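This report refers to the structure that appears directly beneath it.
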Amino acid sequence: MRVIAGKCKRLILNTIPGDNTRPTTDRIKETLFNMINEEVVDSDFLDLYAGSGQIGIEALSRYARHATFVDNNKKAIECINNNLIKCALEDEADVINSNCLSALKRFEADSYDIIFLDPPYNKGYEREILEYLSESNILKEDGLIIVEADLKSDFSYVEELSFTIVRDKQYKTNRHLFIRNK
């Protein structure tokens, strides 16, 4: 797992030991950032269910203004902090050890241009987060939510939350949904 582009290009990132996380492959990460690259520059980026922090670190490497990482796994938090230090990005980031929904409730005064979430598959966490975001001002008006999910996950409820799916990029085993305010 490495940083694909930007000021930290080619740096190898640490991963969390064990099989409790599923890191996004470099190929999928490269595809994702090629689609959103222009929006990343000068953005405030929120990485929920951050794992090793590779997505938010890629955003910082590609000149996001700031990234906030949230995960409730202490090993993940340690890994994120170590990766930020390795990339010399720790001054551009906040790392929060918390349940993602609880963290969002503390962020009411903050707003983000891009919110990325990669929760454990098939547990309904993405719906819980999207429902909360639909009632808050955490996503900037012209902001973007990206959900990494299983191919079979149902997102038919998104329109009811006053969001719209602007793109559904499918890979072999998972997908990225790009969601905006209506």
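The values are calculated or read from the model by the stated rules, or taken from the named source; none is laboratory data. Because the structure is a prediction, the values reported are computed rather than measured. Because the Cβ atoms are built from the backbone with ideal geometry, glycine has one as well, and the counts that use them run over all protein chains shown. We work out accessible area using only protein heavy atoms, side chains counted, and drop any ligands, DNA or RNA first. Shrake-Rupley method; radii C 1.70, N 1.55, O 1.52, S 1.80 Å.
The table for this structure:
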read-out: Mean separation of Cα contacts under 8 Å (6+ apart) over length of the chain, as relative contact order %; value: 17 percent
read-out: Counting DSSP beta bridges with both ends in the chain, the antiparallel % (nearest 5); value: 40 percent
read-out: Residue 180 accessible area, assembled protein chains, probe 1.4 Å, Å²; value: 60 Å²
read-out: Whole-Å distance, taken between Cα centres, linking the stretch 1-67 and the stretch 79-120; value: 12 Å
read-out: Point-to-point label distance, residue 94-residue 167, nm (Cα→Cβ direction, 7 Å offset); value: 2.8 nm
read-out: Cα Rg over Rh - the chain, Kirkwood; value: 0.92
read-out: Segment residue 7-residue 63, length gained on full extension (0.36 nm per residue, minus Cα span); value: 19.4 nm
read-out: Estimated FRET transfer efficiency (residue 105, residue 181; beta-carbon r; R0 30 Å; 0.05); value: 0.90
read-out: Å² per residue, accessible surface of the chain at 1.4 Å; value: 49 Å²
read-out: Extension reserve of the residue 160-residue 85 stretch, reckoned as 0.36 nm per residue once the Cα distance is removed; value: 22.9 nm
read-out: C-alpha long axis of helix 125-134 to longest principal axis of the chain, angle in °; value: 70 degrees
read-out: Residue 182 - accessible surface, heavy atoms, 1.4 Å probe, Å² rounded to 10; value: 140 Å²
read-out: Residue-wise HN-Hα coupling along the stretch 163-180, computed from phi with Karplus coefficients 6.51, -1.76, 1.60 (Hz; x: Gly, Pro); value: 10, 9, 7, 8, 7, 10, 8, 9, 10, 5, 10, 8, 8, 10, 9, 10, 10, 10
read-out: Spatially close lysines, pair count over the stretch 6-149: Cα under 18 Å, gap of eight or more or interchain; value: 6
read-out: With Cα atoms, 0 to 90° folded angle of helix 74-86 axis to the chain main axis; value: 60 degrees
read-out: 222 nm mean residue ellipticity, helices alone, for the chain (DSSP H n ≥ 4; -39,500 (n - 2.57); rounded to 500); value: -8500 deg cm²/dmol
read-out: Carbon + sulfur, % of accessible area of the chain - ligands and nucleic acids excluded, 1.4 Å; value: 43 percent
